[in-house]
Each structure stands twice: as C-alpha cells, then as structure tokens.
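Structure, as structure tokens:
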Amino acid sequence: MEKVGKTKEVLEAVVLLSIFAIWIIFLYNFSPTEIVAFVGVENGYVLAMVLALIGGTSLIFPFPYHIVIFTLAAGGLNPFLLGLFAGTGIFIGDSTSYLIGYTGREIITGRVQKLFKKFYDWMIKKPKWVLLTSLYLYVSISPLPNDFLVIPLGFARYPYLRIALPLWLGSMTFNTILALAGFYGFEQILQFFG
C-alpha cells in the first residue's frame, strides 16, 4: 500500500513538472501578448477563473495555475480583473476543500484526527478576529495550498460564512499581486535572463 502512495506522489510530481516545462517551451515560442491575442481578452479572464478553480481544488487536482495568471497579465490583461476572476476561482475551489473537511470528519482517524483536534482546541480559545485575520494573511501571501487551513476548519465545523469573506478577499489579493508581478515584472525577467 505504501508503494502505491509513493508511486502516486512521483506521478503527480512528474505531471506538475511536465506542465511547467511545456508552459516554458510554449512561452519560448510565443510571447504573452500573442497568447492573449489567441485566447481573447474576455476568454482570458474566464480561463483564469477556470484554471484557478482547478488549482483551488489542489487536494483533488494539483495544478500550477500561477504561471497562467502571470502570463495573461504579462500579455496585457488587467491585473485587477485577473485578481478578481482568479481569486473567485480559487475561493470556489477552496470551498470544495472545506466541504471535504466538513464531511470527511467521520473517515479521518488516528494522528490526523488528533492534529485537527489540537487545531480546533487552539482555534476556539482565540478571539474570532485572530483566526479570520490569520486566514486572510495566509491566503493573501502564501503560494502554498489553502487546504492546510481550510480542511481543518471544515473538520472543526467552523461556520463557513465566517471564513468565506477572508478566504475570498485573501484569494483575490494574492492573485492580484501575482498578476501585477506579471504585468510589471515580465520584461525585467526577460532582461535578466536575456
């Protein structure tokens, strides 16, 4: 059973590295402006939202959507609209992770259950604003999956409506920062490596 888990991890790493490599080769042959012209402006925002939604379900479908957001912004799409659309996609994906934690409470046992229980015990002792501010800050600045916080919150049955706003705002903030980096930083990266 352990060998199957290891094989799955290796396969996921190979798939992610392959996606990254294909995207790099794609960028080598086509500029971000050409990519946006091919996709279309309106379709670019929808593409950002759909790929971010897939990326937001990182527990189910790990997908590095960040490079697409960066590229679309470098191609001229509005970084604030990209942040809005991609942030909304991530928020919807993270909501599925919350649901997995919420409904998976009965199937999680052993060490993981004890870890989630410790998190829950810590969480209920803190003022609400501490958790909500921590959630916003983590989501808005960390490129790591939000599942690390969202699944335990679902497991602890923390009210979804309380975490929804900081989760959504944090997702939009992160993706806006990412898009701004693509919009203003792509040329500097090319000059550095050029």
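Coordinate-derived values only; no laboratory data. The shown structure was predicted, so the numbers you read here are calculated from the model rather than taken from an experiment. Every residue, glycine as well, gets a Cβ built from its backbone with ideal geometry; the counts of neighbours run over all protein chains shown.
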Legend entry - Net lengthening on full extension, residue 33/residue 142 (0.36 nm per residue, minus Cα-Cα): 36.5 nm
Inset, instruction - Specify the residue with the greatest mean-square fluctuation among 69, 124, 92, computed from a Gaussian network of the chain linking alpha-carbon atoms under 10 Å apart. - result: 124
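Just from its helices, what would the mean residue ellipticity at 222 nm be for the chain, if runs of 4 or more DSSP H residues each count -39500 (n - 2.57) and the sum is divided by every residue, rounded to the nearest 500 deg cm²/dmol? Provide the component values of the computation, followed by the final result.
On the way: 9 runs with 159 residues, N = 194.
Dividing the helical sum by the residues of the chain leaves -27500 deg cm²/dmol.
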Legend entry - Positive-end extreme of charge dipole, region 53-138 - chosen from 132, 71, 96 (charges on Cβ): 132
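Where nothing but the Cβ of Lys and Arg (+1) and of Asp and Glu (-1) is charged, how large is the charge dipole of region 65-194 around its Cα centre, in debye to the nearest 20?
Values: 10 positive and 5 negative charges, 161 e Å.
The dipole magnitude comes to about 780 debye.
So which of 6/125; 6/126; 8/118; 8/117; 6/128; 6/117 end up more than 32 Å apart by C-alpha? Please report the intermediate quantities before stating the final value.
Numbers: 6/125 37 Å; 6/126 38 Å; 8/118 29 Å; 8/117 28 Å; 6/128 39 Å; 6/117 27 Å.
Over 32 Å apart, Cα to Cα: 6/125; 6/126; 6/128.
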Inset, instruction - Return the label of the correct value of percent of Cα pairs over 25 Å apart, as calculated from the structure shown, out of (1) 42; (2) 68; (3) 62. - result: (1)
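Which order, highest average first, do 34-41, 75-82 follow once you tally other Cβ atoms within 10 Å for each residue and take the mean per peptide? Don't jump to the answer; show the numbers that get you there.
Details: 34-41: 14.8, 75-82: 20.0.
The most tightly packed comes first, giving 75-82, 34-41.
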Inset, instruction - Just report the Cα centroid separation between region 129-168 and region 82-100, whole Å. - result: 11
Inset, instruction - Take the chain, connect every pair of alpha-carbon atoms lying under 10 Å apart with a spring to form a Gaussian network, then pick out the residue of 131, 180, 167 with the largest mean-square fluctuation. - result: 131
